[in-house]
């Protein structure tokens, strides 16, 4: 079924309190857009849920009509899994509430909330959860895949702060999943993606932070890349967990603190965030300022919520994006050399190579404690090919794939499902390793017909 008419969708519209948007509606084309501009799919209809009670009727309707179900939180996944051609989109964009209980240090979050929504709500109380680095990302997809960012070394992954989830199953049953209730489902949700049901509420444990941190950028010439990356690797090996420093290899944006003649040239960017005592930040981060002879730097005290939005201009929706990713337990000289080699031939001004430092709290959690397996990862590389025109598709995708293959001998194995593209279904089992068979058992228990397969799919 390629499209539902209003008449065909009438039974669904009568069963839900939210809106059902059919392809002939003027807002339909806008609502089907996702972050990755390469994804251009036309669902049969979109149901914009007003509450969790709209989900079961939507699932039942889709199953009765033989429609593929996709679930949209923030619409930010690189593979565009929130939109299925000819399917029914369960859209949570109208459900973005974040309710904070500061006394209990907990927050209940609806599935359409973005990181910006979430950070703003919890930071009013001086509290946080470790989440991602792009504020337009949805909390739902981020959490179900694992979730990491600037606070991960200190506070762990996003899933490590998850205390419970409300889930609607393929049969329309509403379940609570926690360590004490439906514990197998709770285990699977923490890294297993949207394979087991539709999550309609998340409850997180909050940690104290802020409102200010010390953060910013230090930009080095690409000609010094080998020295900078080697010194960076050696320094972060002993850096306190309050300090997170990531590397970005790319063309320099027109940042105001950089000389004009640096704009558009290849650079090595050190992006840092210090979540400890701000009075100690300068001394702790000082070695990052002398990795080489910097073009310029902009580091200082700022609200945490502002730093969370700092990369948004470089990650705005609508561009064409393709990612390839590896985990690493160490960055050998050869591994760094490969990254430098490919950074020397970036195929578009927007392409970049991220190296994120994860060592710390995530490594202290057992590999089988959650579905997310990569507890030994100290670094993650995301090869981010990004460009504007379809004529560049082949060149940019080839560059990303070539770097991925060249880096494989140095990687620790596994994969991060939130970074996996549409063409990487064969890597799903590798992403979960020894946890995969247990995930399949849980899938057979909660979704034996694989109703929820618009994801990095775990086959029953």
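Tabulated data
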quantity	calculated
Top-ranked residue of segment 359-378 - restricted to ones that are surrounded by fewer than 17 Cβ atoms within 10 Å (Cβ to Cβ) and in a helix (DSSP H, G or I), ranked as farthest from the chain's Cα centre (by Cα)	364
Subset of segment 14-28 [surrounded by fewer than 16 Cβ atoms within 10 Å (Cβ to Cβ) and under 25 Å from residue 200 (Cα atoms)]	14, 17, 27
Meets criteria (in contact (Cβ under 8 Å) with a residue 12 or more places away in the chain, buried (at least 24 other Cβ atoms within 10 Å of the Cβ), in the same structural domain as residue 21 (by TED's automatic domain parsing) and in contact with a strand residue (DSSP E or B) (Cβ under 9 Å, 6 or more places away or on another chain)) for residue 138	no
3 or more residues surrounded by fewer than 19 Cβ atoms within 10 Å (Cβ to Cβ), touching a helix residue (DSSP H, G or I) at 6+ places or on another chain (Cβ under 8 Å) and touching a residue at least 12 places away in the same chain (Cβ under 8 Å): qualifying strands (runs of 3 or more DSSP E) within segment 154-268	174-178
Options 34, 16: the member that is in contact with a helix residue (DSSP H, G or I) (Cβ under 8 Å, 6 or more places away or on another chain) and modelled with pLDDT of 95 or more	16
Residue 428 being under 30 Å from residue 185 (Cβ atoms), buried (at least 16 other Cβ atoms within 10 Å of the Cβ) and over 21 Å from the mean Cα position of the chain (by Cα)	no
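Residue-by-condition table, conditions (1) closer than 30 Å to residue 129 by Cα; (2) in the same structural domain as residue 245 (by TED's automatic domain parsing):
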residue: 336; (1), (2): no, yes
residue: 344; (1), (2): no, yes
residue: 377; (1), (2): yes, yes
residue: 385; (1), (2): yes, yes
residue: 433; (1), (2): yes, no
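The values are calculated or read from the model by the stated rules, or taken from the named source; none is laboratory data. All of these numbers come straight from a predicted model, not from anything done at the bench. For neighbour counting, all protein chains shown are included, and Cβ atoms are generated from backbone atoms with ideal geometry for every residue, glycine included.
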